[in-house]
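Below is one structure, written out as structure tokens; the observations come after it.
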Amino acid sequence: NPDTNALARFLNMSEQGQIPRGSFLVVENLDRLTREHLRAAVSLFLNIQQQGINIVTTDPEHVYRHDSDDMTDVIIAVVHLSRGHSESARKSDMVGKAWKEKREAAKKGDVQPSRKEGRVGGMKLLTHRLPLWLTEKCGKPVAIPERVLTVK
């Protein structure tokens with residue numbers, strides 16, 4: 001979304017010629033550029049370079065020059081982009097499984113709440129991240145009246 005996503009705005013500006021060729025896009029690591037599936041990630045990387053933009057990573061320190069003929073740079077980029085996607089997918093899978101197990105245990109009532117968790121009406125709280133119209137007091141959600149009005 002170019003309205004909220006800085007990279008999308010940058011890409012739009014680059015495609016419109018508002019970013020001079022030879023400019024540098026600095027990212028911590030290529031997995032910060034994107035964690036999309038490998039083909040989409042490589043396509044994004046190459047699209048940025050086709051716009052004449054050099055990509056710089058700070059960890060590891062490397063400059064992927066848009067005008068380089070060094071195939072090693074592309075191979076290194078593909079490896080980093082692939083790692084970013086696979087790590088993101090693995091973490092997503094692990095978190096998804098953990099939440100599923102947590103929900104199942106809460107449904108069965110098999111799990112005692114930890115000192116941070118509480119029960120509400122016999123139901124276990126699964127998280128302390130509540131909607132902004134609620135706050136937690138003594139392990140129970142409590143409505144914030146002025147915010148409830150906004151929601152209504």
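The values are calculated or read from the model by the stated rules, or taken from the named source; none is laboratory data. As the structure is a prediction and not an experimental result, all values here were calculated from the model. We place every Cβ from the backbone using ideal geometry, glycine too, and count neighbours over all the protein chains shown. With ligands, DNA and RNA removed, areas are computed over all heavy atoms of the protein, side chains included. Shrake-Rupley method; radii C 1.70, N 1.55, O 1.52, S 1.80 Å.
Quick look at the values:
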| quantity | calculated |
| --- | --- |
| Test item: Cα-centred dipole of the stretch 35-76, Lys/Arg +1 and Asp/Glu -1 on Cβ, debye | 220 debye |
| Cα centre as origin, Lys/Arg/Asp/Glu Cβ charges: the stretch 1-95 dipole, Debye | 220 debye |
| Built amide H within the under 5 Å cut-off of Tyr64, gap 5+ | Ile55, Val56, Thr57 |
| Positive-pole candidate from Val56, Ser68, Met13, dipole of the stretch 1-72, charges at beta carbon | Met13 |
| Rough spin-label spacing in nm, given labels placed 7 Å along Cα→Cβ, for His62 and Ser23 | 2.4 nm |
| Accessible surface of Met13 - all protein chains present, 1.4 Å probe, nearest 10 Å² | 80 Å² |
| Projected label distance in nm at Arg147 and Glu104, using a 7 Å step from Cα toward the beta-carbon | 3.2 nm |
| Kirkwood Rh and Cα Rg combined as Rg over Rh, evaluated for the stretch 1-68 | 0.94 |
| At R0 = 30 Å, FRET efficiency that the Cβ-Cβ distance of Glu15 and Val95 yields, to 0.05 | 0.30 |
| The stretch 29-88 pair-distance distribution - Cα-Cα, 10 Å bins, rounded % | 24, 61, 14, 0 |
| Rounded to 5, percent antiparallel among DSSP beta bridges of the stretch 1-104 | 50 percent |
| Over 28 Å between alpha carbons, listed pairs Lys108/Lys152; Lys100/Lys137; Lys97/Lys140; Lys91/Lys152; Lys108/Lys140 | Lys108/Lys152; Lys91/Lys152 |
